[in-house]
Amino acid sequence: MELTLNPSLSMGAQIELAIRLTAGLALGAIIGFERELHQQPAGFRTHSLVALGAALFAIISGYGFTGENADPTRIAAQIVSGIGFIGAGTILQYRGHIRGLTTAASLWAVAAVGMATGAGLFVLAVTGTVLILVVLAILDRVERYARRRLSIGPDGFDITEHPLEPPGPPDSEGHTEDMQ
């Protein structure tokens with residue numbers, strides 16, 4: 001029932017784990033490069049570090065703790081919730097529009113790619129990377145074409161109901177209609 005730390009790994013196993021880290025970094029960098037080209041708030045370095053960190057956490061989760069009470073899924077679950085804080089930092093509100101949701105989602109997906117490389121699931125990690133790039137690059141073009149074709153407004157979510165109208169008169173407590 002005891003939890004053992006730092007199991008002894010052969011040199012070959014350590015080299016394989018180093019390759020997993022490097023693959024996570026490289027796949028995250030590829031996705032980050034696409035975000036960098038579109039001048040998004042989280043780009044090349046951020047995506048690289050998220051994938052590398054997720055891969056490292058996955059490796060630590062799987063190999064760093066052994067024993068009867070070891071639960072490798074606990075660290076993986078914390079990666080998923082923890083990446084939300086980084087993603088939230090990329091979401092910006094500017095003049096009634098929200099930007100950065102796609103970049104936040106790409107960081108979340110890159111964490112999954114990093115976890116896959118850390119677990120040694122290279123085919124899954126590469127496939128995930130390709131699909132993320134499809135969404136970011138190709139579906140962006142499809143979305144722009146559809147917006148033009150269907151005469152849909154510019155990208156972004158409007159968070160104000162009436163951006164050009166001033167707020168209504170204050171009520172008895174001093175609140176305007178827009179403040180409620």
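When each of T160, T117 is tested for being over 23 Å from L56 (Cα atoms) and either touching a Gly at 6+ places or on another chain (Cβ under 7 Å) or at pLDDT below 75 (or both), the lone residue that passes is T160. Among the residues of the stretch 44-81, those identified as touching a residue at least 40 places away in the same chain (Cβ under 8 Å) and more than 16 Å from G120 (Cβ to Cβ) are T46, H47, V50, G53, F65, T66, G67, E68, N69, A70.
Within the stretch 87-97, is there a residue that is in a helix (DSSP H, G or I), touching a residue at least 60 places away in the same chain (Cβ under 8 Å) and surrounded by 12 or more Cβ atoms within 10 Å (Cβ to Cβ)? The answer is no; no qualifying residue exists.
Each row is one residue, and each column tells you yes or no for (1) outside any helix (DSSP H, G or I); (2) surrounded by fewer than 17 Cβ atoms within 10 Å (Cβ to Cβ); (3) within 14 Å of the chain's Cα centre (by Cα).
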site	(1), (2), (3)
S8	yes, yes, no
A29	no, no, yes
Q39	yes, yes, no
L49	no, no, yes
Y63	no, yes, no
I79	no, no, yes
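The values are calculated or read from the model by the stated rules, or taken from the named source; none is laboratory data. Bear in mind the structure is a predicted one, so any value in this text is a computation, not a measurement. Neighbour counts run over all protein chains shown; Cβ positions are idealised from the backbone, glycine included.
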